[in-house]
Amino acid sequence: MSAEDAAAKLATFHKKLAKVAKRLKDGSLSADEALAEETRLKKKISKWEKAAAEAAEDAGGNAQGEAANGKQQRKQKKRDHEAAAQDGAAADDAAADGKASKKQKKAAAAAANGHASANGAHHHHHHHHSKHHRKHAEVGCGKLATAGKPIVKSLYQEHPEVTALTADRVSELRNERQTTVEGFGPDDDFVAGGPTDIKPVLKFEHTGLPEAMLHATRNFVSPSPIQAQCWPIILAGRDLIGIAATGSGKTLGFGLPMLRHIAAQREGGVVSGKGPFAIVMAPTRELALQINQVLEDAGSQCNMRTVCVYGGVPKGPQVGALKGGVEIVVGTPGRMEDLLNDGVLQLKQVTYAVLDEADRMLDLGFEPHIRAIMGLTRADRQTLMFSATWPTAVQKLAVAFLSHPVKVTIGSQDLAASHSITQRVEVIEPHVRDGRLLDLLQQYHGGAKGRKNRVIIFVLYKKEAPRVEQLLTRKGWKAVAIHGDISQQQRTDAVEKFKSGTVPLLIATDVAARGLDIPDVEVVINYSFPLTTEDYVHRIGRTGRAGKTGIAHTFFCAGPDKPRAGELINVLREAGQEVPEDLLKFGTAVKKKESKMYGAHFRDVDVHAKATKVTFDDD
């Protein structure tokens, strides 16, 4: 075999590899298919690289081999250039990393910045992975990563009680808790039950965190399923994808390792000064405030200061807090980007980043903001991403922001509602809903309930919210509405009244309600069915949380809601709920999904275009 032949083969495989990334981008390959294809091609490439090198040696001297290699690197460099344009340094570094996978290469700054204790304490699990720790996320600043001290990521020492768990016991525990763990990424030799598997912890003290950092767990008996599995993975320094419903304890799931991580960077001299050292992005101000509240409590005993930044309120207090110095910034991407542009927020020292409810952030169009924000942090940061669902768009997001993540799924992979919720669906004519709603309130909230229990009534459009609110108030019920047309102050007041129980009925639109953590909602009534079945699952997930049971009563109207009948039937069946005859007559076919938000016209509509004023010259 001549060196030219080998070089030609190599060039072909590299072309194919470049195509994989393109196909992933345009959606013709799913993330999982792309990974499989990539792994296959990489094996071929390394085989032909060996062949090329041998052929070159046979040819007497390495000249041709190097030429082939040079050619290949130039190709690679060109390919990477467009992708890495956002980060000047990365393009050149990427070329040097001949075999790195397409995804990591994009931002590859291949400098070996493996974290300090790559072979430290806990690495009996982990020696396989030290190579992954050197990789950088595709979106992030390579210069910051190579210039800074390596991030201290290995912070986990497995507890003897956890080490003692057999592989069988671990899989038993995971089945009981509906937990699935997968390695995610090319050459990731993750094997369930194998040496690369990270076992769940069973008690808070198994994390090895000091008392002051476990302060927030004081009222809980044991870790929730997502905490049990994610804590050891995050403390071991890996990037993580968590697929779990709201109400699963994920805020502490990423919050407690964050405290430990920040302390470790401080001790190791990786960061210093005012911070922030960790950022958390969330889709809505309500969710951001709620995360901030949890983190504030969690960090209160170990000098971790947080600030919550979100739009719709004056910047002053937020700017003041940032200037005073905080370890953690929680916020919505829009306001975060504003503060960056104002020069008030600096992200150079951020070594830990969290994207919460990633699916929702995509729905709300935040991706460009998230990219801009993440691009200003170190490319070798530790990144965690949580999402209730795992559609292709979210998979692409993971590829851009995470490096060799481990994926932990709690509950079924498909759209599934919590089994502690009783779901009742009634097919109804739109004009009959008002009267029926009043009957239901009498049933679920009046009578024996004494109008004390909390009920959320979901509507679809913001104009429906005040209308239903007036209807209920007229009929003597105490109700308050949150929707897009009221001020931030009014929203906060409304939620407070509802939380405290002074007003037990809350009427809400999907956007206003996403991320509200309201304890003890006994009943959710869907006055209007939402636009997507994902939203349905999210809505009813407001009840039956933290081990309680709940009721979700849904109005389903033949006209507008019919396309979602098939998916709804699947959700009901999966949870073992009764499917009404009336619903079955719409058929069980599941429609092919178009864009989650804009239906089939999404492609040709620029939803963010500014409206232009039309003037008519009549005379």
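Contact list please: Cβ distance under 7 Å, first residue in segment 138-164 and in contact (Cβ under 8 Å) with a residue 12 or more places away in the chain and not assigned by TED's automatic domain parsing to the domain that holds Ile233, second residue in a loop (DSSP other than H, G, I, E, B) and of a type in the set (Asp, Glu), pairs at least six apart or on different chains.
Correct list of pairs: empty, since none qualify.
Can you spot a residue in segment 127-139 that is under 22 Å from Leu259 (Cβ atoms) and at pLDDT below 50?
yes
With respect to the numbered conditions (1) of a type in the set (Val, Ile, Thr); (2) closer than 21 Å to Ile370 by Cα; (3) touching a residue at least 40 places away in the same chain (Cβ under 8 Å); (4) touching a Lys or Arg at 6+ places or on another chain (Cβ under 6 Å), which one is the sole condition not fulfilled by Val270?
Unmet condition: (2).
Anything in segment 444-466 that is out of contact with any His (no Cβ under 9 Å at 6 or more places or on another chain), surrounded by fewer than 14 Cβ atoms within 10 Å (Cβ to Cβ) and under 30 Å from Thr532 (Cβ atoms)? List them, or say none.
Passing the criteria: none in range.
(1) assigned to a loop (DSSP other than H, G, I, E, B); (2) at pLDDT 90 or above; (3) surrounded by 18 or more Cβ atoms within 10 Å (Cβ to Cβ): which one isn't true of Phe190, the others all being true?
Of (1) assigned to a loop (DSSP other than H, G, I, E, B); (2) at pLDDT 90 or above; (3) surrounded by 18 or more Cβ atoms within 10 Å (Cβ to Cβ), only one is false for Phe190: (2).
All but one of (1) modelled with pLDDT of 50 or more; (2) in a loop (DSSP other than H, G, I, E, B); (3) at negative phi; (4) surrounded by 10 or more Cβ atoms within 10 Å (Cβ to Cβ) hold for Met597, so report the exception by its number.
The number of the failed condition is (1).
Here is a yes/no grid of residues against (1) without any contact (Cβ under 8 Å) to a residue 12 or more places away in the chain; (2) within 18 Å of the chain's Cα centre (by Cα); (3) farther than 19 Å from Arg545 by Cα:
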| position | (1), (2), (3) |
| --- | --- |
| Glu205 | no, no, yes |
| Thr217 | no, no, no |
| Cys230 | no, yes, yes |
| Gly237 | no, yes, yes |
| Gly242 | no, yes, no |
| Leu256 | no, yes, yes |
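Go through segment 278-301 and give me each residue that's in a loop (DSSP other than H, G, I, E, B) and within 19 Å of the chain's Cα centre (by Cα).
Ala282, Pro283, Thr284
Looking at this structure, is Ala112 modelled with pLDDT under 95, surrounded by fewer than 15 Cβ atoms within 10 Å (Cβ to Cβ), of a type in the set (Gly, Ala, Ser) and assigned to a loop (DSSP other than H, G, I, E, B)?
Against the criterion (modelled with pLDDT under 95, surrounded by fewer than 15 Cβ atoms within 10 Å (Cβ to Cβ), of a type in the set (Gly, Ala, Ser) and assigned to a loop (DSSP other than H, G, I, E, B)), Ala112 qualifies.
Determine if segment 473-482 includes at least one residue that is surrounded by 13 or more Cβ atoms within 10 Å (Cβ to Cβ), in a helix (DSSP H, G or I), in contact (Cβ under 8 Å) with a residue 40 or more places away in the chain and not basic (Lys, Arg).
No, segment 473-482 has no match at all.
Yes/no matrix, rows are residues, columns are (1) among the acidic types (Asp, Glu); (2) under 20 Å from Thr306 (Cα atoms); (3) in contact with a His (Cβ under 7 Å, 6 or more places away or on another chain):
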residue	(1), (2), (3)
Leu347	no, yes, no
Val354	no, yes, no
Glu367	yes, no, no
Thr377	no, yes, no
Gln382	no, yes, yes
Val394	no, no, no
Val406	no, no, no
Arg424	no, no, yes
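Determine whether Leu235 is closer than 24 Å to Lys323 by Cβ, modelled with pLDDT of 95 or more and not aromatic (Phe, Trp, Tyr).
Against the criterion (closer than 24 Å to Lys323 by Cβ, modelled with pLDDT of 95 or more and not aromatic (Phe, Trp, Tyr)), Leu235 does not qualify.
Tell me yes or no: at least one residue of segment 167-186 is in a loop (DSSP other than H, G, I, E, B), over 23 Å from the mean Cα position of the chain (by Cα) and either surrounded by 16 or more Cβ atoms within 10 Å (Cβ to Cβ) or modelled with pLDDT of 90 or more (or both).
no
The values are calculated or read from the model by the stated rules, or taken from the named source; none is laboratory data. Just so you know, these numbers come straight off a predicted model, no measurement behind them. Quick reminder, even Gly has a Cβ in these numbers, built from the backbone with ideal geometry, and neighbours come from all protein chains shown.
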